[in-house]
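The values are calculated or read from the model by the stated rules, or taken from the named source; none is laboratory data. All values reported here derive from a predicted model rather than from experimental measurement. No Cβ is skipped: glycine too gets one built from the backbone with ideal geometry, and neighbour counts run over all protein chains shown.
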Amino acid sequence: MSTLPEALRPWAAQLSLFPEDLALSVGAHVARLAAALGPLRARNEREGGEPQGYDGLSRRGSPERLLMSEWLMALEAPDEFVRRAAFGEQAYLRVAYRQPQGGRRTVALLDAGPEQFGPPRIAHLALLVVLARRAEAVGASFAWGVLQSDPRQKPFSSVDAASVGQWLRAVSAVPPTEARLAEWREALEVGHAPDDVWLVGGARLSRLPGSERLSRVLVDEVVAPGARRLSVEVRPASRPARQVVLELPPVPQCVRLLRDPFEAAVAAPVLDTGTRAMGAIRFSADGLRLMLVSSDGSVAAQALPHSPRATTPKPKQYPPVPGEPLVAVGWRRSGGLISVTLRERSLCVYGALKGYKGRGVTFPLPDGMAPPRLQCHAGGFPLVLTQPHQDREVVLLLDAAGVLYQLDGEAGRGRTVSILDEGVTALAERRGALFYVANHKPEPTTGHSLQLGFWSPEKAWLRPLEVGGDGAAWFGHVNEAVEGEAGPLLVRPRGSGRLLLMQKLRCLGEQDKSPWRTEFLTRLVNVVGPGPCLPGSMRSLGLVMLEEDARTFSLVAENGTAERLVSAPARVVTASVSHAQPVLAWLTETGEVGVWNFQFRALVFRSTWGGRS
């Protein structure tokens, strides 16, 4: 790995297993832990072996190895010669010995119990790199294993993607025990005075009988407000203990290190053998689920795995309601699917709404109000949200025509349906409140037509964006939403060949030399960032684009550089980026649904509908 700093070059072979950003994070821990452990010392002359010349000086030895200068002193200053001999100050040649091949080894046993769940295992991973390189440097063999596993299983002999992958899955709810340690010592033929056997885990290891003569590395998570550190105490069997404090890398990198550090996991496809065709896909407001809408009106709520290695749960299926066309689908803030159907002149809300009894709650449309427009195709599907308010939930519905409805059952007024705004072209939920962009008639004084709206059960406001636009707007993904801020917002000014980026409710300015021109709008998916989830070196806002082949997704930075993200197996019909989670979802013309995670840079979910495999 040529991009590693000079200080990490000794561990380049081991760190090359990781992606570049993870290698640098692990490497920072490796360098400090290697200094604390020290090198593996060569055997001294008393350990035997075939003599092979001399390799230095020693204070002890036989007379034939006494230096010539010492014999000269015996002739010139015999009293001083006797004194130096009495006080052990004479110098002898030290014999070098050739050690038999494989005669040395390093052994490491790692605690995978409950005390070491989570961040402490990042220190374990760095220690494996250090110990493997430390043994390799002196030609010693290296064996390591999980303390809770069966000692009859063959221990690992190298640190590679396969062995580390097995170790990551070998978590146990059982703490280390004296009996299991004794079994490992017998299986590994560890004697009473082993030279390089390490126990890695928590403080419980020091109290186990049989660990007294073994070297130990005690790892503990620092418990302090706002602290993200590990305390590591290195206790060699024959040297003083050393303390090291390790700063944890950013949270997304910690998650990748603990789940898929080598980016080797691939989501297994989920096959639905039904014959219904997919109609649309939509993320829930929290980004943790994907709503899959079929052409017959049935809905499936699919919980998304957190990583490629996670198990894909079965989706919750909701059959269509006979005689009631589906209007919108969504996910309640407190949990549970919610759907809206049209029954003559009433909107029926299905879901466990707080403050209402029964499965289907009916909201009659006022006289003269047109029903919401349906749009059951892959280009999008109307969205429904709920917001808690006092003793009930308020339902918000955005139809295909951009009309934002409010369905409420306020005491004394009965169940009502009212229109909050029209011409809504973009909507996002941030911290329990709604932000939206509405395209109104231009104001006579300023000519501005785009309005930024805010709605919560307690208050609502509408402000001009101070830019004339044609209604095209995109709310982007943001890692942590700040209360009162809409997050990144991309709009297209009227008559302009560029896009205008707005953030934190204020204009950041036009991109004069940006490649974000109007010709990209037909392939624009969304804007993401900023945050550590972005690939490569991108740490600012970027546009997720669908290339001309309608299969490849790329991330275009503000400076115009592009980076390829992922390719779909067939032409993409529609795609979307979640506002709350760093995930991208698409639907292909063959009916396959894919969800790609920016953090892991891998597919976390695949599903083929309509019986295709």
Residue in segment 102-118 that is out of contact with any Phe, Trp or Tyr (no Cβ under 6 Å at 6 or more places or on another chain), touching a residue at least 12 places away in the same chain (Cβ under 8 Å), over 30 Å from Pro176 (Cα atoms) and assigned by TED's automatic domain parsing to the domain that holds Val222 present: no
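Go through Arg415, Arg463 for me and flag whichever is in contact with a strand residue (DSSP E or B) (Cβ under 6 Å, 6 or more places away or on another chain), of a type in the set (Lys, Arg) and modelled with pLDDT of 85 or more. Reasoning before the result, please.
On the way: Arg463 fails: modelled with pLDDT of 85 or more.
It is Arg415.
Quick one: how many residues across segment 203-235 are of a type in the set (Lys, Arg), in a loop (DSSP other than H, G, I, E, B) and either touching a His at 6+ places or on another chain (Cβ under 9 Å) or under 14 Å from Gln116 (Cα atoms) (or both)? Show your work before the answer.
Step one: filter segment 203-235 for residues of a type in the set (Lys, Arg), giving 204, 207, 213, 216, 228-229, 235.
From what is left, the residues that are in a loop (DSSP other than H, G, I, E, B) are 213, 228.
From what is left, the residues that are either touching a His at 6+ places or on another chain (Cβ under 9 Å) or under 14 Å from Gln116 (Cα atoms) (or both) are 213.
Total meeting the criteria: 1.
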Conditions (1) among the hydrophobic types (A, V, I, L, M, F, W, C); (2) assigned to a strand (DSSP E or B); (3) buried (at least 20 other Cβ atoms within 10 Å of the Cβ): number failed by Ala285: (2)
Test: residue in segment 175-190 that is in a helix (DSSP H, G or I), touching a residue at least 40 places away in the same chain (Cβ under 8 Å) and either assigned by TED's automatic domain parsing to the domain that holds Pro250 or crowded, with 20+ Cβ neighbours inside 10 Å (or both): yes
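Based on this model, can you work out whether Gly61 counts as in contact (Cβ under 8 Å) with a residue 24 or more places away in the chain and closer than 30 Å to Ala203 by Cα? So that I can check it myself, show each step before the final result.
On the way: in contact (Cβ under 8 Å) with a residue 24 or more places away in the chain: yes; closer than 30 Å to Ala203 by Cα: no.
Judged against the criteria, Gly61 is not a match.
Assess whether Glu212 counts as being more than 34 Å from the chain's Cα centre (by Cα) and either surrounded by fewer than 16 Cβ atoms within 10 Å (Cβ to Cβ) or in the same structural domain as Asp21 (by TED's automatic domain parsing) (or both). Walk me through it before giving the result.
Values: more than 34 Å from the chain's Cα centre (by Cα): yes; either surrounded by fewer than 16 Cβ atoms within 10 Å (Cβ to Cβ) or in the same structural domain as Asp21 (by TED's automatic domain parsing) (or both): yes.
Taking the combined requirement at face value, the residue satisfies it.
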Qualifying residues in segment 302-340 (those that are of a type in the set (Gly, Ala, Ser) and surrounded by fewer than 18 Cβ atoms within 10 Å (Cβ to Cβ)) - the one nearest to Leu288 (Cα to Cα): Ala303
Some residue of segment 150-167 being part of a helix (DSSP H, G or I), touching a Ser or Thr at 6+ places or on another chain (Cβ under 9 Å) and among the small types (Gly, Ala, Ser): yes
Hits in segment 126-149 - residues which are surrounded by fewer than 14 Cβ atoms within 10 Å (Cβ to Cβ), in contact (Cβ under 8 Å) with a residue 60 or more places away in the chain and assigned to a loop (DSSP other than H, G, I, E, B): none
Pairs where the first residue, in segment 602-613, is modelled with pLDDT under 50 and the second is not in a loop (DSSP other than H, G, I, E, B), C-beta under 6 Å, 6+ apart: Ser613/Leu271
Members of segment 555-602 that are buried (at least 19 other Cβ atoms within 10 Å of the Cβ), hydroxyl-bearing (Ser, Thr, Tyr) and over 14 Å from Asn526 (Cβ atoms): Thr588
Sole exception among (1) modelled with pLDDT of 80 or more; (2) surrounded by fewer than 19 Cβ atoms within 10 Å (Cβ to Cβ); (3) under 20 Å from Thr425 (Cα atoms) for Gln375, by number: (1)
The lone exception for Glu115 - which of (1) within 30 Å of Leu17 (Cα to Cα); (2) more than 27 Å from the chain's Cα centre (by Cα) it fails: (2)
Search result, residues across segment 563-591 that are more than 22 Å from the chain's Cα centre (by Cα) and in contact (Cβ under 8 Å) with a residue 40 or more places away in the chain: Val573, Thr574, Leu587, Gly591
